[in-house]
Structures are given as structure tokens and as C-alpha cells.
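The values are calculated or read from the model by the stated rules, or taken from the named source; none is laboratory data. Since this is a predicted model, take the numbers as computed values, not measurements. Cβ sites come from the backbone with ideal geometry, for glycine too, and all protein chains shown count toward neighbours. Only protein heavy atoms, including side chains, enter the accessible area calculation; ligands, DNA and RNA are left aside. Shrake-Rupley method; radii C 1.70, N 1.55, O 1.52, S 1.80 Å.
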Amino acid sequence: MDFEQTSMTNTDRIRPDGGIDALDPPPTDIMDEETLDPAALAQNAPRLETVVQLLNQPALARVYVYVCYWGPVSPPEIMDGLELSKSTTYEYVDQLVDLGLVDRDDSTRPQQLTADPIIIVEQYVPIVITPTVLHALALQEVDEDVEYFMDRYGAGKLIAALRGAGLHFAGKTTQRRVATDIDVRDTEAMMIIYALEPALTVGRTHDPFFKHLFPDVHDQMDLSSLDEVDGAPAESDSPE
């Protein structure tokens, strides 16, 4: 199973929890000898392991998203923008370079870092992961409400809340309905909806795959501007 972008057919729909429903079950022959060939599985393993590392390390995901959205940037810009120590910054940058998520140009001083946005869309296993999702998960590093929600409910329900927040800001659902849809308290739904606004605001501007999360409402959300959102990173200055 290749975790690169997978097209969604007209019979698929994004669920309120952020996943994708295939209205018809997958064909019985989808898992065949070719799909299950050990060589094919091994080829896709690094991509899966890379995404798992980002999902399990929100601090690392935070640096990746910063470089992805604001690059090219230098390590000192990351240090200032994310308020990280020099040693932590270079540790995370080295990890991201080793994972193949960040490109490092050593021909300039300071070195310049860039990152391409990644996307996972798998229609038979309801998964949609884009930089916006990674940003939402990374917010737990700086936002106590997101940290609380993650500790209580985990990443899957946070992604569901992200989808619900997008629908709410588009005027398609209420906070109470989001709470019911993802099975949390009304007060928790209200809290997480507004805590996730930075991820939506920045993602709508900088995530090229934002429409994969919100194909129906991506242009209908009433969100704050970038400079009005608490917690949204300020765009880095161009290197001298």
C-alpha cells in the first residue's frame, strides 16, 4: 500500500472525525500478491515510520511544520520563532534531515532549510494527514488546552476535533454537535475548537493539501487573520 497521495472518488466523503468513508466496501482482491509482496512492503516502510515519528513527537512535528510553512529558514530563525535552545534546534533539524523531511543547504551561512509538505490519504483505511494535522498535534507543545485534550483523548480524537472545528468555523455545525460527534463534553469541544484555530488559519494559507481535509468548506471558514491568532507563528524574515 503506497502512502503517497491517493485520489478520492465521488463515492467517498470526509467524515466529521476527519477520516474518509468509502460508501462501498473495498474490492476483495485489493490485498493481492503484488500488494503484499515483501519488497513492496519494505519500500513503503520508511514512509510509514517517518509519519509515525512525527505523530509520536509533537516537538519534532512543530519544527517540521515551521520549516515547511516558512522555509527557507535558518536554524537561528527556528530558535527565535519557536523559542528553542540551540542544542534542541540542531538536534531536531538533524533528525528531520535524517528522516528525509527537511533539506539542508550548507552552501550558505547560515545554512538554509526547506521542507516539502507531506500528505497521506488512504481511502480504505480512513486516514488523512497533512501539515495542518501535524500542526494541530504540535500545538500541544505550546497550548495547555491542546495538551489536556491530547492527554485525555489521544491523537485520533484530536484530528476528529480539527475536522469538527473547521466545520464549526464554516458555520456548518455547532460546538454542541461537535461534542456529540466526537463524544466529548460540551465544554471540551468549545475549548478545543478555539485552541485549534491557529492550525486552521495558518494551514488554509500555507498547506497545499488543506482542501483534502476540508473539500467542502475550505473557503468558507470565518477565521482570524494570521497576525491575530494567538499561537500562530509569525512569518520569518528573509535571510540577509
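Within the stretch 156-188, track down each residue that is among the β-branched types (Val, Ile, Thr) and within 20 Å of Leu134 (Cα to Cα).
As a first pass, look at the stretch 156-188 and keep what is among the β-branched types (Val, Ile, Thr): 159, 173-174, 178, 180, 182, 184, 187.
The answer is Ile159, Ile182.
Rundown of residues vs (1) under 23 Å from Val217 (Cβ atoms); (2) of a type in the set (Asp, Glu), yes/no style:
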{"site": "Asp105", "(1), (2)": "no, yes"}
{"site": "Leu113", "(1), (2)": "no, no"}
{"site": "Ile129", "(1), (2)": "yes, no"}
{"site": "Val142", "(1), (2)": "no, no"}
{"site": "Val146", "(1), (2)": "yes, no"}
{"site": "Arg152", "(1), (2)": "no, no"}
{"site": "Lys157", "(1), (2)": "yes, no"}
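Note on the stretch 81-167: enclosed helices (runs of 4 or more DSSP H) holding 2 or more residues that are assigned by the TED database to the domain that holds Gly203 and surrounded by fewer than 21 Cβ atoms within 10 Å (Cβ to Cβ) are 144-153.
Can we say Arg204 is surrounded by fewer than 23 Cβ atoms within 10 Å (Cβ to Cβ), among the basic types (Lys, Arg) and within 19 Å of the chain's Cα centre (by Cα)? Spelling it out, Arg204 is indeed surrounded by fewer than 23 Cβ atoms within 10 Å (Cβ to Cβ), among the basic types (Lys, Arg) and within 19 Å of the chain's Cα centre (by Cα).
Kindly provide the set of residues from the stretch 207-217 that are farther than 16 Å from Leu134 by Cβ and buried (at least 18 other Cβ atoms within 10 Å of the Cβ), ordered by number. Explain how you work it out, then say what you get.
Of the residues in the stretch 207-217, the ones farther than 16 Å from Leu134 by Cβ are 211, 215-217.
Hit for the stretch 207-217 is Val217, nothing else.
Could you list, in sequence order, all residues of the stretch 182-218 that are closer than 21 Å to Cys68 by Cβ and of a type in the set (Lys, Arg)? Selection gives Arg204, Lys211.
A residue that is of a type outside the set (Asp, Glu), at pLDDT 90 or above and open to solvent by 70 Å² or more (accessible area, probe 1.4 Å) can be found somewhere in the stretch 39-61. Look at (1) touching a helix residue (DSSP H, G or I) at 6+ places or on another chain (Cβ under 7 Å); (2) under 19 Å from Phe210 (Cβ atoms) and you find that Gly71 fails only one, number (1).
Selection of the stretch 67-80 for residues being open to solvent by 10 Å² or more (accessible area, probe 1.4 Å), part of a helix (DSSP H, G or I) and closer than 17 Å to Asp103 by Cβ yields Cys68, Tyr69, Trp70, Glu77.
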